[in-house]
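Structure record follows, encoded as structure tokens.
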Amino acid sequence: MSATLTEEQLRTIAAQYGTPVYVYHAEKITEQYTLLQNAFRKSHTRFFYASKALTNINILRHILSLGCDIDCSSINEVKLALHAGFEKDNILYTSNGIAFSEIEEAVALGVKINIDSLSNLEKFGKKYGHSYPVGIRLRPNIMAGGNLKISTGHEKSKFGIPIEQLDTILALVKENDLFIHALHIHTGSEIKDVSVFMKVAGIFTDLVPHFPEVRFLDLGGGFKVPYKEGESGTDIPLLGQKVAEIIDQLSATHQRSFEAWFEPGKFLVSECGYFITEVNVLKQSGQTHFAGVNSGFNHLIRPMFYDAYHRIQNISNPEGPLRPYTIVGNICETDTFATDRELNEVREGDLLVFYNAGAYGFEMGSNYNSRFKPAQVLVSKDQTWLIGKRDSFEDLLRNQVLVL
Ligand code: LLP
């Protein structure tokens, strides 16, 4: 039985904490991590949670308690990981387009680093030479992922060092005596097809002979989770089996042990999250029935930014007749969550829940229109905690400097 929160639990939370509110279910995260643990061989696979998906400190601490490591995309995420209690050896900083000073800071903190530009690689070599192992983030020129905005490996992508620059990389490594311990390729998010990861593994197999000190092959994140009813995600057991074969093969060929690294974000925290909103207004125009909720792209931008689909339910009227609604927000922009979506009859004041809202939901939120960011609640072992307060009016003014 999959760990889920019932509609009744969600209604109780909405009554207690108000709306809009994000709710996270710790046991679902545990369940997802256990799936990974069961599918991959522990001796040669390491998981670094891509914390950009959701950085609430309690979520980080729960993930730490599972024995999972952490991947960061900024120096502040590195500091949050340390603050949450992760050991520096278990923190990976996969950077893109950052100033060298941030890399120096990461070295001072002692965490693992993946570098994504020739210029930073050169600066790194000049400063640290062979004294600090480092990974190289490559761009493989593979088009993959749910949509172009979340594809990072194609030939027009800003991410990583283009693989056709291998000769320059090798010259830099040699000239500066760099200690390259890892190769990294993340092709994008929502990669359903296991063969994409295998293509990456094939590239690593070709590259390994050029890098005699590489032991870690980082295939990034991007495991797909089902957003739509009836959709399936990445076949994790199959991926585990294929990765085992490749690692065994490489270890035998090169007489050194290799590890596969992964950086799952969505896979660990997407399905644990529920976003509860309340219907402010109903409006009819021609055939369209608008249900306007007390939220907008300031709280959940994925539908507008990526055309992402989130399952939505009216948990206040679960037996009501099904009717099509266009669900919109209250932001002074076109912030449509869903068009002509069948919902149980909606009345003003009803609670609409967005599912799979744990990853890149609250985390991509903002205060646009001077609206408050929502509260965040954690459910674990049937206990409920407030883990993020709703903004207050003071928060809107906190960093403003009054000069007039
Ligand atoms: N590793 C790297 C280097 C990444 O850039 C990302 C995501 C991940 C791992 C985690 O990917 P995941 O397992 O979560 O798919 N905000 C978008 C997703 C883009 C995330 C950017 N990088 C969304 O809401 O769909």
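The values are calculated or read from the model by the stated rules, or taken from the named source; none is laboratory data. Everything numeric in this text was worked out from a predicted model, so none of it was measured. For neighbour counting, all protein chains shown are included, and Cβ atoms are generated from backbone atoms with ideal geometry for every residue, glycine included. Note: areas computed on protein heavy atoms with side chains; ligands, DNA, RNA excluded. Shrake-Rupley method; radii C 1.70, N 1.55, O 1.52, S 1.80 Å.
Can you work out which of the residues in the stretch 177-193 that are free of Cβ contacts under 8 Å to residues at least 60 places away in the same chain and open to solvent by 10 Å² or more (accessible area, probe 1.4 Å) is nearest to Ile247 (Cα to Cα)? Can you show your working first?
First pass over the stretch 177-193, keeping only residues free of Cβ contacts under 8 Å to residues at least 60 places away in the same chain: 177-181, 183, 185, 187-188, 191-193.
Going one step further and asking which of them are open to solvent by 10 Å² or more (accessible area, probe 1.4 Å), we end up with 177, 179, 181, 192-193.
Working: Asp177: 26, Phe179: 21, His181: 15, Lys192: 21, Asp193: 19 Å.
Among residues in the stretch 177-193 that are free of Cβ contacts under 8 Å to residues at least 60 places away in the same chain and open to solvent by 10 Å² or more (accessible area, probe 1.4 Å), the one nearest to Ile247 (Cα to Cα) is His181.
Considering only the stretch 278-289, I want to know if a residue exists there that is out of contact with any helix residue (DSSP H, G or I) (no Cβ under 6 Å at 6 or more places or on another chain), in a strand (DSSP E or B) and open to solvent by less than 10 Å² (accessible area, probe 1.4 Å).
In the first step, residues of the stretch 278-289 are kept if they are out of contact with any helix residue (DSSP H, G or I) (no Cβ under 6 Å at 6 or more places or on another chain); the result is 278-289.
Next, from what is left, pick out any that are in a strand (DSSP E or B): 278-285, 288-289.
Imposing the further condition that a residue be open to solvent by less than 10 Å² (accessible area, probe 1.4 Å) reduces the set to 279.
Looking for residues that are out of contact with any helix residue (DSSP H, G or I) (no Cβ under 6 Å at 6 or more places or on another chain), in a strand (DSSP E or B) and open to solvent by less than 10 Å² (accessible area, probe 1.4 Å), one finds at least one in the stretch 278-289, hence yes.
Which one of the conditions (1) within 16 Å of the ligand (Cβ to nearest atom); (2) modelled with pLDDT under 95; (3) touching a strand residue (DSSP E or B) at 6+ places or on another chain (Cβ under 8 Å) does Asn141 fail to meet, given that it meets all the rest?
So the condition that Asn141 fails would be (1).
Considering only the stretch 303-319, I want to know if a residue exists there that is buried (at least 18 other Cβ atoms within 10 Å of the Cβ), touching a Phe, Trp or Tyr at 6+ places or on another chain (Cβ under 8 Å), more than 27 Å from Leu92 (Cα to Cα) and of a type in the set (Ser, Thr, Tyr).
Looking for residues that are buried (at least 18 other Cβ atoms within 10 Å of the Cβ), touching a Phe, Trp or Tyr at 6+ places or on another chain (Cβ under 8 Å), more than 27 Å from Leu92 (Cα to Cα) and of a type in the set (Ser, Thr, Tyr), one finds none in the stretch 303-319, hence no.
Scan the stretch 352-374 residue by residue and report those that are surrounded by fewer than 22 Cβ atoms within 10 Å (Cβ to Cβ) and either in contact with a Gly (Cβ under 9 Å, 6 or more places away or on another chain) or closer than 18 Å to Val281 by Cβ (or both).
Those that are surrounded by fewer than 22 Cβ atoms within 10 Å (Cβ to Cβ) and either in contact with a Gly (Cβ under 9 Å, 6 or more places away or on another chain) or closer than 18 Å to Val281 by Cβ (or both): Tyr355, Tyr368, Asn369, Arg371, Lys373.
Testing Thr187 on (1) at pLDDT 95 or above; (2) under 20 Å from Ile136 (Cα atoms); (3) within 16 Å of the ligand (Cβ to nearest atom), one condition comes back false. Which one is that?
It fails just one condition, (1).
Has the stretch 244-262 got at least one residue that is open to solvent by 10 Å² or more (accessible area, probe 1.4 Å), within 16 Å of the ligand (Cβ to nearest atom) and assigned to a helix (DSSP H, G or I)?
no
In the list Pro226, Pro209, which residue meets the criterion of being more than 16 Å from the ligand (Cβ to nearest atom) and either part of a helix (DSSP H, G or I) or not aromatic (Phe, Trp, Tyr) (or both)? Steps first, please.
On the way: Pro226 fails: more than 16 Å from the ligand (Cβ to nearest atom).
Just a single option satisfies the conditions, and that option is Pro209.
Going by the structure shown, is Glu231 acidic (Asp, Glu) and in contact (Cβ under 8 Å) with a residue 12 or more places away in the chain? Explain how you work it out, then say what you get.
Working: acidic (Asp, Glu): yes; in contact (Cβ under 8 Å) with a residue 12 or more places away in the chain: no.
Judged against the criteria, Glu231 is not a match.
Which residues, counting only those in the stretch 98-123, are open to solvent by 10 Å² or more (accessible area, probe 1.4 Å), in contact with a helix residue (DSSP H, G or I) (Cβ under 9 Å, 6 or more places away or on another chain) and in contact (Cβ under 8 Å) with a residue 40 or more places away in the chain?
Lys112, Leu118, Glu122
Can you work out which of the residues in the stretch 208-221 that are of a type outside the set (A, V, I, L, M, F, W, C) and open to solvent by 10 Å² or more (accessible area, probe 1.4 Å) is nearest to Asp167 (Cα to Cα)? Walk me through it before giving the result.
Residues of the stretch 208-221 that are of a type outside the set (A, V, I, L, M, F, W, C), as a first pass: 209-210, 212-213, 215, 218, 220-221.
Cutting the leftovers down to open to solvent by 10 Å² or more (accessible area, probe 1.4 Å) gives us 209-210, 212-213, 215.
Working: Pro209: 13, His210: 10, Pro212: 15, Glu213: 17, Arg215: 20 Å.
If we take residues in the stretch 208-221 being of a type outside the set (A, V, I, L, M, F, W, C) and open to solvent by 10 Å² or more (accessible area, probe 1.4 Å), then His210 is nearest to Asp167 (Cα to Cα).
Identify, please: which residue in the stretch 59-88 is open to solvent by 50 Å² or more (accessible area, probe 1.4 Å) and of a type in the set (S, T, N, Q) and is, among those, nearest to the ligand (Cβ to nearest atom)?
It comes out as Asn76.
Suppose the filter is open to solvent by less than 10 Å² (accessible area, probe 1.4 Å) and touching a helix residue (DSSP H, G or I) at 6+ places or on another chain (Cβ under 7 Å); does Ala3 pass it? So that I can check it myself, show each step before the final result.
On the way: open to solvent by less than 10 Å² (accessible area, probe 1.4 Å): no; touching a helix residue (DSSP H, G or I) at 6+ places or on another chain (Cβ under 7 Å): yes.
No: the conditions fail for Ala3.
Yes or no: the stretch 333-340 includes at least one residue that is of a type in the set (Phe, Trp, Tyr), open to solvent by 30 Å² or more (accessible area, probe 1.4 Å) and either within 25 Å of Leu35 (Cβ to Cβ) or not assigned by TED's automatic domain parsing to the domain that holds Thr205 (or both).
Step one: of the stretch 333-340, the residues of a type in the set (Phe, Trp, Tyr) are 337.
Filter once more, so that each one left must be open to solvent by 30 Å² or more (accessible area, probe 1.4 Å): none.
No: zero hits.
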